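These notes are about the structure you will find just below.
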Amino acid sequence: MALRSSDVVSTWIYGAMYGGVKLLSLIPIRIGQSIGRILGKALAGVLKRRVTSSLNNLRFIFGHTMSESELIALNGRIIAHFTQMLFEAPHILRLTRRNLDRYVVFENEEALTRALKKGKGVFVLTAHFGNWEFMSAATTLRLHAKNAVVVRPADFKPADRLLTTLRSRFGTEIIPKRRAMKKLLSAERENKVIGILLDQNVDWYEGVFVPFLGKPACTNKGLALVALRTGSPVIPIFSVRQPNGRYRIIFEDEVILKRTGDKIRDIEENTALFTRIIEKYVRRYPDHWFWFHKRWKTRPYCELDA
């Protein structure tokens, strides 16, 4: 069957994007980080108040405790963090077990090993924080376990294909977010490690409202639902960039779930518990989190015209 012209174009775009990533991976990681940091500072200086998606979120959360100049400065550090990521993520293509310590250092990884020994699968609680793509690749390479990650496919097909290539490089299974529950429930039988990023806005019928950075945020209830149902352990994992450029990948001990016997209450309380863990890292390292997302878009009430 002949390829449609749109498929051909998509393939060419993917090839060009992959080639660009391959070229970026040839830049030594520390030099790439320096370039990204300089580029980020330059962009922040030029754009200043124009990066409104993240700046408005910062105003929404910190507007009563930080001055406008402080908010703009923090927004600049956020931009610099993510421009550095553009030069870091391509190194997934160069990552091996032998050079792993050049890029990352692991802290308390025994927590995940202990959880896996239970034989019920493990749910990894994380967020769009630090360098989550690099963290996933490094953790998969480090541990001898079957891995999967729940993602929302990118709208632009070549970009989605590129991300899938990077994410699955070391055998990680990609689970589309929509209709993922069946795959999540299989974790117990297959003893998989499944990563779930729990920091994005969802529609009211998909989640529950829990406090996040002092504001009600509609949060996916799927992790609480499946963890309570299967008894699979939940392990928080986050990455923090160190002064020397390496990432410290932090494994926290298993989250002790709350069980009251009231299913609705248990889902709400455990979702709130998971969110507090994410909040702890965002407050400690606010420049590491993806503030560009409309995290508080879904409201817990209907706004009526005056």
Some residue of the stretch 61-81 being closer than 30 Å to residue 157 by Cβ, of a type in the set (A, V, I, L, M), free of Cβ contacts under 8 Å to residues at least 40 places away in the same chain and out of contact with any helix residue (DSSP H, G or I) (no Cβ under 8 Å at 6 or more places or on another chain): no
Only one residue in 119, 195, 171 is within 21 Å of residue 228 (Cβ to Cβ) and surrounded by fewer than 18 Cβ atoms within 10 Å (Cβ to Cβ), so which one is that? 119
How many residues, within the stretch 24-40, are surrounded by fewer than 16 Cβ atoms within 10 Å (Cβ to Cβ) and touching a residue at least 60 places away in the same chain (Cβ under 8 Å)? 1
From the option list 271, 275, single residue qualifying as surrounded by 16 or more Cβ atoms within 10 Å (Cβ to Cβ), touching a residue at least 40 places away in the same chain (Cβ under 8 Å) and within 15 Å of the chain's Cα centre (by Cα) is 275
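If I ask for residues that are in contact with a strand residue (DSSP E or B) (Cβ under 8 Å, 6 or more places away or on another chain) and under 25 Å from residue 114 (Cβ atoms), which ones from the stretch 176-190 would you list?
183, 184, 187
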Take the stretch 136-150 and flag every residue that is under 9 Å from residue 195 (Cβ atoms), aliphatic (A, V, I, L, M) and in contact (Cβ under 8 Å) with a residue 60 or more places away in the chain. none
Can you work out which of the residues in the stretch 278-295 that are within 16 Å of residue 239 (Cβ to Cβ) and part of a loop (DSSP other than H, G, I, E, B) is nearest to the chain's Cα centre (by Cα)? 290
Quick check on the stretch 46-101: of everything there that is charged (D, E, K, R) and under 29 Å from residue 139 (Cα atoms), which residue is nearest to the chain's Cα centre (by Cα)? 88
Just one listed residue, out of 10, 6, 53, is within 18 Å of residue 83 (Cα to Cα), of a type in the set (Ser, Thr, Tyr) and either in a helix (DSSP H, G or I) or in contact with a Pro (Cβ under 7 Å, 6 or more places away or on another chain) (or both), and it is 53
Among the residues of the stretch 122-168, write down those that are outside any helix (DSSP H, G or I), buried (at least 17 other Cβ atoms within 10 Å of the Cβ) and among the small types (Gly, Ala, Ser). 127, 130, 148
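Any idea which of 173, 190 is over 30 Å from residue 10 (Cα atoms) and either touching a Lys or Arg at 6+ places or on another chain (Cβ under 7 Å) or modelled with pLDDT of 90 or more (or both)?
190
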Residue list for the stretch 174-192, filter: surrounded by fewer than 17 Cβ atoms within 10 Å (Cβ to Cβ), assigned to a loop (DSSP other than H, G, I, E, B) and within 18 Å of the chain's Cα centre (by Cα): 177, 178
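The values are calculated or read from the model by the stated rules, or taken from the named source; none is laboratory data. On a predicted model such as this, the values are computed, not experimentally measured, just so you know. Using ideal geometry, Cβ is built from the backbone for each residue, glycine included, and neighbour counts are taken over all protein chains shown.
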